[in-house]
Amino acid sequence: MADTLQARHASPAADLDFHRLVDVDNGWIDRRIFWDEGIYQLELERIFARCWVFVGHQSQFAEPGDFVTTYIGQDAVIAAKDRKGGRQRLPEFLLAPREPGVFRRGRQHPPVHLQLPRLGLWAGRGPARAHEEEQYSKCATFDKSKLGLHRARVGIYKGLVFATFDPDAPSLDDYLGDYRYYLDVLLDNDAGGTEFIEGNVKSRLGCNWKFAAENFVGDAYHAGWTHASAAAAIFKKDVKVNVERSYQANINGHGTEFGLDLIGNAMGLAEPEVVEYLKENEARFAERLGKLRSRMVGGMSSSNVFPNLAYLTGFNTWRTWTPKGPHEIELHTWVLVNKDMPDRLKEAYRRGVSRTFSPTGMFESDDGENWEHCTRSNAGVVTRRQKLHYGLGMDSKIEHEEFPGAVYKVQLNDANQRAFYQRWADLMSAASWAEVPARTGADQ
Amino acid sequence: MSVDVLETPTAGARQASLQLVHDVQQLLYRDARLLDEQRYDEWFDLMTEDFRFWVPVPQSRYRRDSKGVFEPGRMAHFDDSLAELKLRASRWKEATAWSEDPPTRHVHYVTNIEVEPAELDGEWLARSVVISLRNRNEDEENWLGARREDLVRETPAGLKLAHRKVFVTQSVLLAKNFNTFL
């Protein structure tokens with residue numbers, strides 16, 4: 001029965017040599033991975049239906065019955081807090097509906113429950129349901145317990161809710177590994193924890209999802225030139241990277257490029273109160289995170305959690321790159337703040353992020369332009385023959401007494417992008433999680 | 001608090017004269033043309049110093065949900081003062097604003113204009129519908145429709161816009177960016 005209901009369809013792309021398409025030892029990447037439909041379909045199987053994918057923040061599920069609709073890959077899902085249990089007994093659970101797109105968040109007293117218009121047998125009430133049950137009771141092939149919504153595994157790390165549909169996936173803690181050290185910079189710099197400001201902004205970009213992910217995992221290089229106009233408008237000068245005190249670090253394909261400048265990104269919000277807050281609280285951050293990490297809280301940085309969750313310290317924008325095909329993504333953006341922060345500061349973050357990292361924002365509009373053209377140019381066969389260069393910083397690996405993972409000196413580096421694509425190739429080549437090597441930095 | 005775009009204000013004793021309706025229409029048409037022509041400094045001159053510009057993101061919610069489609073305090077496309085709008089527009093003037101060069105070809109289409117008295121003397125509520133049509137590069141085309149509520153104030157320098165709320169229809173913006181005002 002399980003074979004009938006959940007057969008896995010092998011894609012012809014499964015026979016490709018992904019460690020050749022992505023040659024991280026020499027720093028070359030074959031452009032077909034950004035264009036080919038077969039490769040994309042295999043990504044949905046081997047990346048998105050397999051990895052821990054971000055579905056929301058715990059603050060979005062304050063009351064039992066609260067839910068949001070979202071996507072894991074192209075599977076439409078409902079992330080909901082169990083109606084019966086409180087936080088102690090039952091964690092959030094997650095289901096994949098058959099009918100995408102009709103639900104949004106409901107939260108009030110009494111709670112607004114999910115409506116499942118075509119699932120009367122599961123969600124209906126009264127005579128209509130009794131009638132359906134009677135009809136189906138005579139149907140020999142129908143076993144209600146084996147049909148309906150799929151329950152996903154749910155994992156929570158310091159407020160972030162992740163889910164996976166793969167029963168063989170490692171635990172969320174193992175999946176994130178030592179990358180949690182870097183996540184804590186934003187998730188654990190304050191005793192009260194974090195929350196999302198209500199609402200988010202969604203937009204569509206005509207790009208392959210990996211161009212967005214690699215941009216955040218390690219592409220510090222683009223910032224100075226791509227965002228020159230935003231920097232000129234906000235800072236009235238060029239932005240320079242501190243070569244001596246900046247790094248890239250990665251673990252299991254998750255990566256962050258960062259400086260130790262405390263306020264580099266936060267300055268871009270053009271909200272002076274945020275910069276003041278960071279300066280005034282540096283010592284408090286250090287009590288929780290240590291001196292080095294306290295300097296990262298608002299610093300010049302970008303990060304991506306494999307496969308498609310990204311964030312910026314300082315701006316505190318969190319976002320997902322949800323694939324809608326090989327050449328399209330839906331971008332969802334939220335703002336993360338410390339729960340105990342004064343309301344006027346939360347307001348400064350909310351309005352500052354809208355002005356910078358949203359579809360109307362001063363930084364984001366130029367990024368979209370890049371990613372779309374990086375994708376579309378691969379329609380050309382001659383263009384596609386030429387591999388892309390990812391060879392910057394091949395010799396820049398260092399041992400660092402505190403920073404975990406594979407650590408590289410200087411933000412301007414392709415190290416994290418190579419690690420992102422290495423993890424991608426590991427997963428695309430593997431028939432199961434057992435074949436996926438851990439990438440902790442020791443072997444890279 | 002939910003924001004009901006259909007809410008009808010309490011009708012005062014005042015009524016908009018034909019002349020006033022005409023003047024408000026002309027103001028909104030000029031506003032649209034200045035945006036089409038990307039003459040932002042002149043566009044800002046149509047606003048009062050305390051101008052607020054709010055473009056919330058709609059949420060798709062059940063009818064019986066007490067939280068509304070549009071609410072203040074959520075993430076928004078715009079929630080700006082005049083100075084903050086000027087900061088945004090200052091980027092468009094930079095030679096390195098790559099996504100603005102070559103320039104977008106804009107049409108702001110304004111229609112369904114109604115003028116009603118607002119709470120204070122000398123202020124009027126102007127409702128309208130606006131459609132932004134953008135075309136860029138070779139074949140990139142984006143449409144965005146919205147209903148608007150403007151607070152129009154009589155000033156010694158003529159009618160000015162004091163507050164603008166824009167209620168767009170798209171909950172997912174079907175574009176990579178939004179590089180104009182509405």
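Counting only strands (runs of 3 or more DSSP E) wholly contained in the range A:284-372, the ones carrying 2 or more residues that are within 11 Å of chain B (Cβ to nearest Cβ) occupy A:317-323, A:329-338.
Selection over the range B:141-181 of residues that are within 10 Å of chain A (Cβ to nearest Cβ) and in a loop (DSSP other than H, G, I, E, B) gives a count of 10. Restricting to the range A:400-444, and then to whatever is in a helix (DSSP H, G or I) and among the charged types (D, E, K, R), can you tell me which residue is surrounded by the fewest Cβ atoms within 10 Å (Cβ to Cβ)? Only one residue tops the list, namely A:Glu435.
Of a type outside the set (Gly, Ala, Ser), closer than 18 Å to A:Phe61 by Cβ and away from chain B (no Cβ under 14 Å) - does that describe any residue in the range A:132-144? No, every residue in the range A:132-144 fails to be of a type outside the set (Gly, Ala, Ser), closer than 18 Å to A:Phe61 by Cβ and away from chain B (no Cβ under 14 Å). Does the range A:27-42 contain at least one residue that is under 28 Å from A:Gly380 (Cα atoms), modelled with pLDDT of 95 or more, open to solvent by 10 Å² or more (accessible area, probe 1.4 Å) and in a strand (DSSP E or B)? Checked against the condition, which is being under 28 Å from A:Gly380 (Cα atoms), modelled with pLDDT of 95 or more, open to solvent by 10 Å² or more (accessible area, probe 1.4 Å) and in a strand (DSSP E or B), the range A:27-42 yields at least one hit. With respect to the conditions (1) in contact (Cβ under 8 Å) with a residue 12 or more places away in the chain; (2) over 18 Å from B:Leu34 (Cβ atoms); (3) in a loop (DSSP other than H, G, I, E, B), B:Glu138 lacks only one, and its number is (1). So, in the range A:149-171, how many residues would count as being out of contact with any Leu (no Cβ under 8 Å at 6 or more places or on another chain) and assigned to a loop (DSSP other than H, G, I, E, B)? Qualifying residue count, the range A:149-171: 7. Pairing residues of the range A:380-397 that are farther than 10 Å from A:Asn413 by Cβ with residues that are exposed (fewer than 15 other Cβ atoms within 10 Å of the Cβ), at Cβ distances under 8 Å and at least 6 apart in sequence or on separate chains, gives A:Thr383/A:Ser377; A:Gly391/A:Asn26.
Considering the range A:268-286, and only residues there that are within 15 Å of A:Asp190 (Cα to Cα) and among the small types (Gly, Ala, Ser), the residue that is surrounded by the most Cβ atoms within 10 Å (Cβ to Cβ) turns out to be A:Ala286.
Within the range A:43-65, the set of residues being out of contact with any strand residue (DSSP E or B) (no Cβ under 6 Å at 6 or more places or on another chain) and not in a helix (DSSP H, G or I) comprises A:Ala49, A:Arg50, A:Cys51, A:Phe61, A:Ala62, A:Glu63, A:Pro64, A:Gly65.
Would you mind telling me which numbered condition in (1) within 11 Å of another protein chain (Cβ to nearest Cβ); (2) at pLDDT 95 or above B:Glu138 fails? Result: B:Glu138 passes all but (2).
The values are calculated or read from the model by the stated rules, or taken from the named source; none is laboratory data. The model shown is predicted, which means the values in this text are computed figures rather than measured ones. Glycine gets a Cβ as well: all are built from the backbone with ideal geometry, and neighbour counts include every protein chain shown. With ligands, DNA and RNA removed, areas are computed over all heavy atoms of the protein, side chains included. Shrake-Rupley method; radii C 1.70, N 1.55, O 1.52, S 1.80 Å.
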